[in-house]
Amino acid sequence: MSEIIQAKPLVLVVEDEVALATMLRYNLEKQGFRVDEAGDGQEALTRIAEAPPDLVLLDWMLPVLSGIEVCRQIRRRPTTRDLPVIMVTARTEDQDAVRGLNTGADDYITKPFNMDALLARMRALLRRTNAVPSKGRLSFHDIDMDLASHRVQRNGRAVHLGPTEFRLLEFLIQHPRRVFSREELLDAVWGPDIHVEPRTVDVHIRRLRKSINGDGELDVVRTVRAAGYALDTEPV
Ligand code: CA
């Protein structure tokens, strides 16, 4: 057997809307994924135990056990702690989705979503979770970071970052769309024992923006008023 042959990633679709589950299966299989399905939260946990997937697409509103409770249980169990989870929410549940990220989902997407956008997020997440430990590569949207060679590219173009901006991007790219306060960024990037003004973060964020956002490119650093910063492609 050749080692070059890679198994198709198995995606568990947890969705109680049958039409949506069917559409997801059809599109994901067309894109080279294997698909397993669960129609409620309890069934999801059973499927995960029986056939561990490479990624879970987890609907927020589910019968029996909610998506958030399923996510909590996934994170609580040592065997599934690192399982990549993308939470799927309706627009009105968006605030909850942010809470979902804080309780353990890796990413979330809002219904109705575009299939290409979902696939991009799934692939980025699989790359992060599979490739990061061995190859040291991180990516978000059109940004790629190579930690070993300290190189950053956006849309194929080389981006030169100072060491602090590099560490800041490295941290943000590991937690896309999650909002961090200045204090949290200081702890994570500068270290908990370093005492610098929270405003220092603003300075480095400004530099990061200047380097990473080329002419006409989307600003991927989102400022959340009175809260902090996030790496995000959606301005809201
Ligand atoms: Ca639902």
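Could you work out the relative contact order of the chain, using alpha carbon pairs under 8 angstrom and six or more residues apart, expressed as a whole percent?
11
Based on DSSP loop calls and a cut-off of at most 14 other Cβ atoms within 10 Å, the longest stretch of the chain free of exposed trypsin sites (Lys or Arg not before Pro) is what? Don't skip to the answer; put the middle values down first.
Values: sites that count: R81, R225.
It runs 82-224.
For E17 and D116, calculate 0.36 nm times their separation in residues minus their Cα-Cα distance, and state this gained length in nm to one decimal.
Between E17 and D116, full extension yields an extra 33.6 nm.
Quick check on the chain: helices-only [θ] at 222 nm, where DSSP H runs of length 4 and up contribute -39,500 (n - 2.57) each and the sum goes over total residues. Nearest 500, please.
On the way: 8 runs with 93 residues, N = 236.
-12000 deg cm²/dmol, from helical runs alone.
Arrange L172, L126, L83 by Cβ neighbour counts within 10 Å, fewest through most, would you?
L126, L83, L172
Suppose we keep just the DSSP beta bridges with both residues in the chain; what percent of those would be antiparallel, to 5?
Just about 45 percent of them are antiparallel.
What does a probe at R76 reach in the stretch 24-68, counting residues whose amide N is under 14 Å from the point 7 Å along Cα→Cβ?
42, 45-46, 65-68
Quick one: grab the alpha carbon gyration tensor of the chain, order the square roots of its eigenvalues as a ≥ b ≥ c, and give me rounded if a/c is under 1.5, else prolate or oblate depending on whether a/b is larger than b/c.
prolate
Each reported figure results from applying straightforward, stated rules to the coordinates on display, with no laboratory input. What you see is a predicted model, and the numbers here were worked out from it, not measured in a lab. Virtual Cβ from ideal backbone geometry, glycine too; neighbours counted across all protein chains shown.
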